[in-house]
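The values are calculated or read from the model by the stated rules, or taken from the named source; none is laboratory data. In this text, all values refer to a predicted model and were calculated from it rather than measured experimentally. Every residue, glycine among them, receives a Cβ derived from its backbone with ideal geometry; neighbour counts consider all protein chains shown.
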Amino acid sequence: LTPRSLSPPISRRSASRLLFFLSGEETGIPGAEARALVKAQDPTARFEIPHSRVLIATTTADPAKIETRIAYSRRVGGMVSGSGLDAEQLKTLRRGTYAISVFDLREKGDSKRLVSRVADEIGGRVSLDYPDVELTVVRTKEDFFAVTRPSSMKQDWVTRKPRARAFFHPSAIFPKFSRVLVNFSRVDVGEIFLDPFCGTGSLLLEAAEVGALPVGIDLQSKMAAGSSRNMKKFAQDWLGVVRADSKHMPVARVDAIATDIPYGRVSSTAGSSTGKIFQNLIKESSSILAIGRRLVVMHPKSLDVPKDDDFVVEEQHHLPVHKKLVRTITVLRRA
Ligand SMILES: C[S@@+](CC[C@H](N)C(=O)[O-])C[C@H]1O[C@@H](n2cnc3c(N)ncnc32)[C@H](O)[C@@H]1O
């Protein structure tokens with residue numbers, strides 16, 4: 001047997017172009033989420049954004065690992081090159097049933113002729129309601145085609161919305177938004193994910209959904225017990241929720257951290273300042289995260305990210321909530 005460390009890295013896939021049809025939110029979040037999920041598999045991927053709703057990645061990343069967990073893209077799949085469907089794509093479309101879906105972002109235009117021309121080329125069996133695969137067409141000044149699997153992208157967000165859970169608290173954030181924080185952390189299937197201010201467990205639920213092993217911490221026993229109830233209702237594999245102060249993390253090693261820190265409006269800071277909480281979080285995280293791994297923090301924009309030599313700020317996104325509050329998502333990488 002060759003020791004793993006001595007064998008050369010094996011890339012199972014050759015680079016291809018993946019198309020992301022981004023959801024329409026007017027923030028950088030949809031594109032950033034797509035990039036994070038691609039780079040988690042392939043750090044050397046290259047990206048183009050030919051339209052505000054279209055991102056193209058040239059990458060070895062497997063779209064099957066992305067389509068099942070991405071929150072802010074409507075479609076993900078192998079792009080059809082300018083010269084038309086290749087033999088593999090035609091085989092995929094002809095193997096089972098398919099549909100052609102057109103997303104027309106132009107001011108006006110008709111797609112009937114385009115659809116019938118492409119359907120003639122494919123032949124095969126069409127199923128508009130339950131297709132195995134879809135030929136996605138995004139029409140801008142330019143047309144983009146990709147072979148996608150929308151049925152793998154269904155997320156059932158409503159079943160996990162805050163009011164549908166066993167335990168509710170007004171500080172709970174919505175599943176789709178929680179998912180994007182988890183995705184920014186780049187946690188992989190089977191890895192340990194920590195939310196050190198877990199509240200009702202919104203991020204823990206999404207981490208479990210993507211196949212990670214979540215662990216939560218909350219200072220208040222009612223929140224720790226409540227998030228445990230929520231996890232029991234929805235999650236298969238999870239490590240537990242600890243009632244503790246995150247100032248002294250009761251865990252030795254985790255693979256990724258994402259959290260929504262308290263700032264005393266609807267969530268308690270237990271007498272501490274949000275700035276101090278952020279500072280302690282960064283300090284404690286440096287001892288439980290390996291170099292290169294990520295800490296994702298949602299905090300008020302008015303709060304500066306505490307300086308720390310152990311972390312570099314990789315990216316930030318701002319989301320206006322109301323007149324007085326803009327939330328910021330900061331992605332930090334352990335240096
Ligand atoms: C903004 S809420 C989290 C809400 C959560 N994202 C959700 O969707 O349910 C912040 C949580 O941090 C907890 N908390 C405050 N100070 C803490 C500390 N020092 N250590 C651990 N948890 C703390 C609060 O009890 C509260 O539940």
Worksheet item: Among the residues of the range 195-229, which ones are touching an Asp or Glu at 6+ places or on another chain (Cβ under 6 Å) and near the ligand (Cβ under 7 Å from one of its atoms)?
Response: Cys198, Leu203, Leu219
Worksheet item: Do we have any residue at all in the range 220-238 that's closer than 28 Å to Asp42 by Cα and part of a helix (DSSP H, G or I)?
Response: no
Worksheet entry | Failed condition for Arg113, given (1) assigned to a loop (DSSP other than H, G, I, E, B); (2) exposed (fewer than 12 other Cβ atoms within 10 Å of the Cβ); (3) not acidic (Asp, Glu) | (1)
Worksheet, complete the sentence: Of those in the range 230-268 that are among the aromatic types (Phe, Trp, Tyr) and out of contact with any Leu (no Cβ under 6 Å at 6 or more places or on another chain), the residue nearest to the ligand (Cβ to nearest atom) is Tyr263
Worksheet, complete the sentence: In the range 51-102, anything under 12 Å from Val137 (Cα atoms) and either buried (at least 20 other Cβ atoms within 10 Å of the Cβ) or of a type in the set (S, T, N, Q) (or both) is listed as Val54, Arg75, Val76, Gly77, Met79, Val80, Ile100, Ser101
Worksheet entry | Residue in the range 311-327 that is among the aromatic types (Phe, Trp, Tyr) and under 16 Å from Gly199 (Cα atoms) present | no
Discussion item. Suppose the filter is polar (S, T, N, Q), within 9 Å of the ligand (Cβ to nearest atom) and more than 18 Å from the chain's Cα centre (by Cα); does Ser285 pass it?
Written reply: no
Worksheet item: Tell me, which residue of the range 178-216 that is among the hydrophobic types (A, V, I, L, M, F, W, C), within 17 Å of Lys247 (Cβ to Cβ) and surrounded by 24 or more Cβ atoms within 10 Å (Cβ to Cβ) is farthest from the chain's Cα centre (by Cα)?
Response: Cys198
Discussion item. Give all pairs with beta carbons closer than 6 Å in which a residue from the range 93-110 that is under 16 Å from Leu22 (Cα atoms) meets a residue that is charged (D, E, K, R); count only pairs at least 6 apart in sequence or on separate chains.
Written reply: Ser101/Glu134; Asp104/Arg139; Arg106/Arg139
Response to the item:
Output for Cβ contacts, cut-off 6 Å, separation at least six or different chains, first residue without any contact (Cβ under 8 Å) to a residue 40 or more places away in the chain in the range 138-165, second part of a helix (DSSP H, G or I) and crowded, with 19+ Cβ neighbours inside 10 Å, reads Trp157/Pro175
Worksheet item: Taking the range 164-183, which residues are among the charged types (D, E, K, R), more than 11 Å from the ligand (Cβ to nearest atom) and either more than 27 Å from Asp255 (Cα to Cα) or not in a helix (DSSP H, G or I) (or both)?
Response: none
Worksheet item: Given the residues Asp86, Asp104, which is the only one that is under 13 Å from Phe144 (Cβ atoms) and either over 21 Å from the mean Cα position of the chain (by Cα) or β-branched (Val, Ile, Thr) (or both)?
Response: Asp104
Worksheet, complete the sentence: Pairs returned, first residue in the range 250-270 that is assigned to a loop (DSSP other than H, G, I, E, B), second residue that is among the charged types (D, E, K, R), beta-carbon separation under 7 angstrom, 6 or more apart or interchain, are Asp255/Glu191; Asp255/Arg293
Worksheet, complete the sentence: The correct count of residues that are part of a helix (DSSP H, G or I) and among the hydroxyl-bearing types (Ser, Thr, Tyr) in the range 78-110 is 1
Worksheet item: In the range 116-145, which residues are closer than 23 Å to Ser23 by Cβ and β-branched (Val, Ile, Thr)?
Response: Val133, Thr136, Val137, Val138, Thr140
Discussion item. If the requirement is being under 24 Å from Arg179 (Cβ atoms), in a strand (DSSP E or B) and at pLDDT 95 or above, which of these qualifies: Ala71, Ala61, Ala57?
Written reply: Ala57
Worksheet item: Just checking, which of Phe167, Phe174 is over 22 Å from Leu289 (Cα atoms), aromatic (Phe, Trp, Tyr), surrounded by fewer than 18 Cβ atoms within 10 Å (Cβ to Cβ) and out of contact with any His (no Cβ under 7 Å at 6 or more places or on another chain)?
Response: Phe174
